[in-house]
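Beneath this line is the structure, given in structure tokens, with notes to follow.
The values are calculated or read from the model by the stated rules, or taken from the named source; none is laboratory data. No experiment lies behind these values; they were computed from the predicted model shown. Here the Cβ positions follow ideal geometry from the backbone for every residue, glycine too, while neighbour counts run over all protein chains shown. Just the protein is used for accessible areas: all its heavy atoms, side chains included, with ligands, DNA and RNA removed. Shrake-Rupley method; radii C 1.70, N 1.55, O 1.52, S 1.80 Å.
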Amino acid sequence: MTGQENAKKTLAKKIMVQGTMSNSGKSFLVAGLCRILKQDGYRTAPFKSQNMALNSYITKNGLEIGRAQAMQAEAAGIEPTVEMNPILLKPTSQMGSQVIVNGEVYGNLRAMDYYRRKPEFIPAVKKAFETLEEEFDAIVIEGAGSPAEINLRENDIVNMGLAELVDAPVILVGDIDRGGVFASLYGTVSLLEPKEQARIKGLVINKFRGDKKILEPGLRMIEEKLHIPVIGVIPMEQIDLDDEDSLSDRLTRTGSEELLKGGLDLAVIRLPHISNFTDFNALERHAGVQLRYVERASQLGNPDLILLPGTKNTISDLIWLRESGLEPAILRKVEFERVPVIGICGGYQMLGEQLSDPNGVEGEEGRSIRGMGLLPARTIFEQKKTRGQTEVVLRENTGMFEACAPGSLVNGYEIHMGITELTGKAKPIFARNSEQTEKGNGTESFHDQERQGQTSQTWESQNWEGLEREDGLVLGTYLHGLFDNEELTDALLEKLAKKKGISLEMTTESQEAYKQRQYDKLADLVRESLDMEAIYRIMGFNRKEC
């Protein structure tokens, strides 16, 4: 009998994963449980009422949610929807965030203003959850930070406040890799109100290294002290999932000297407000390719490619790039050492000649700043956010992707505030529809179009996407997910390898197959490590075998 036949109740069963701290493994465990429930025949959805992250995703209907919920939905084998993350906070400074409600920009709020207005968002949270509850067999809910942040208990809509709102049982996860896991579990539970403590049905220890037998006395003691069972110990394991947290281990990778010598060295600039760094994950799948993150000029070294990522605050991060010494270091690499550079979204905007913010979208109204001057373009920030999934067509004669067949379909998504205008000669990279590929050979520049009487040079009006400098060394695009297009990525890496005089062993496994294998690997790990019979019992499923 399938899980769907077993679960004939009108509303979905649910379980909530909370953690003793940020980066304790909540997103990881939610994805694992979503995959297991899918494997066992249950139609399952992830849910996080409020997510604070700069890595986001655009749904098919053009709405913005946290990247982690999109990843969890993929693990569950379903299409991500806005109901899975009704509130997304994208920090713009130390004291404020852009608030996104139901996938659309609500406005920029200071932290205290948002805290006071939280009750206004409860109806949106309830409606989103109830929509999922009616459609799915099971919902796996993710908390945020820690439920023991007692200064935030009032008006809580993401931890115990949410658990009470939707009447969900809770399992609490602690990270043993950081040390002090028993203290963090005990302290977290002790700081909760009795009715909140009663919701915790199981404890999970995550990221364990070593012999579990050494841990067992501690497991028994914590169970005795808290009167809550430990339902699993999950070992530390290398599983490649899209992560969104600024604490991600990816961002601290500095590189291997051995690989730097014999392979390709790709340097991502770690901007202070870096967003959607998952754009570059696909580059790491190939043997002989090293991706590292750089935040000081002294770390830049001699890369084969420089990558400028997206950012939530382009002007502020451009100033940081300038003051840190990274901007002149990048300019020297490009102009004197012929090192190519690719900018995505905010990184693309930085590559231009000028950035203007007449309406104060990024802060100070009327501010204008010089760009890096590597592309003949200027960006004007606007109040309206451009967002949506995008399919474009590769044009001919694009230097970085010259080994890729013209006319190839390229998929991704756009999230940006502002338009980019061309100020000189440049090659458009992509056409927004197939008809555009028939107009010229790909070398026509916007400077030429202006002489032909074109009055507007914005990407949108010309129906192009992406810009490459005429010498093929500098490329910018608004397209997130660019490197998930395998043919394009293979062409780029092969060109870089040829230039360096090395050969690369390109993976034959597709990006989709690789992702699915990682989700199955995660499910196997979680299934082996947790008492799944207890999980199903906590959720209210009646199963004899798990």
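Lys and Arg at +1, Asp and Glu at -1: add these up for the other residues within a Cβ distance under 15 Å of GLY366 and post the number. Please list the in-between numbers first.
Values: positive: ARG367; negative: ASP357, GLU362, GLU364, GLU365, GLU382.
So the environment of GLY366 carries a net charge of -4.
Around GLU83, with a cut-off of 12 angstrom between Cβ atoms, what is the net charge of the other residues, counting Lys and Arg +1 and Asp and Glu -1? Intermediate results must be reported in sequence, preceding the final value.
Details: positive: LYS48, LYS126, LYS127; negative: GLU79, GLU130, GLU133, GLU134, GLU135.
Result for the neighbourhood of GLU83: -2.
Per the helix-only calculation at 222 nm, which mean residue ellipticity applies to the chain, given -39500 (n - 2.57) for every DSSP H run of n ≥ 4 and division by its residues, nearest 500 deg cm²/dmol? When only DSSP H runs of four or more count, the value is -9000 deg cm²/dmol.
Among residues other than ALA497 whose Cβ falls under 11 Å from its Cβ, what is the net charge (Lys/Arg +1, Asp/Glu -1)? Present the calculation step by step, with values, prior to reporting the outcome.
Details: positive: LYS495, LYS498, LYS499, LYS500; negative: ASP304, ASP490, GLU494, GLU505.
My count for the surroundings of ALA497 gives 0.
In terms of its Cα atoms, the chain spans 76, 50, 47 Å along the principal axes, sorted from long to short. Rolled with a 1.4 Å probe across the full set of protein chains, the surface gives ILE200 an accessible area near 10 Å².
Can you tell me the orientation of helix 122-135 relative to the chain, as the angle in degrees between its alpha-carbon axis and the longest Cα principal axis, to the nearest 10? Approximately 80 degrees, to the nearest 10.
Between THR10 and GLU104, residue separation times 0.36 nm minus the direct Cα-Cα distance comes to 30.9 nm.
Roll a 1.4 angstrom probe over the protein heavy atoms and tell me the percent of accessible area of the chain that is carbon or sulfur. All intermediate terms of the calculation are to be shown ahead of the outcome.
Numbers: 10520 of 22690 Å².
The nonpolar share, carbon plus sulfur, comes to 46 percent.
Taking only protein heavy atoms into account and a 1.4 Å probe, give the accessible area per residue of the chain in Å². Please report the intermediate quantities before stating the final value.
Numbers: 22690 Å² over 546 residues.
Ligands and nucleic acids excluded, the result is 42 Å² per residue.
Once the Cα atoms of helix 326-337 and of the chain are each reduced to a long axis, what angle between those two axes, in degrees from 0 to 90 to the nearest 10, is obtained? It is inclined by approximately 50 degrees. Rounded to the nearest 20, the Cβ-based charge dipole of the chain about its Cα centre (Lys and Arg +1, Asp and Glu -1) stands at 1000 debye.
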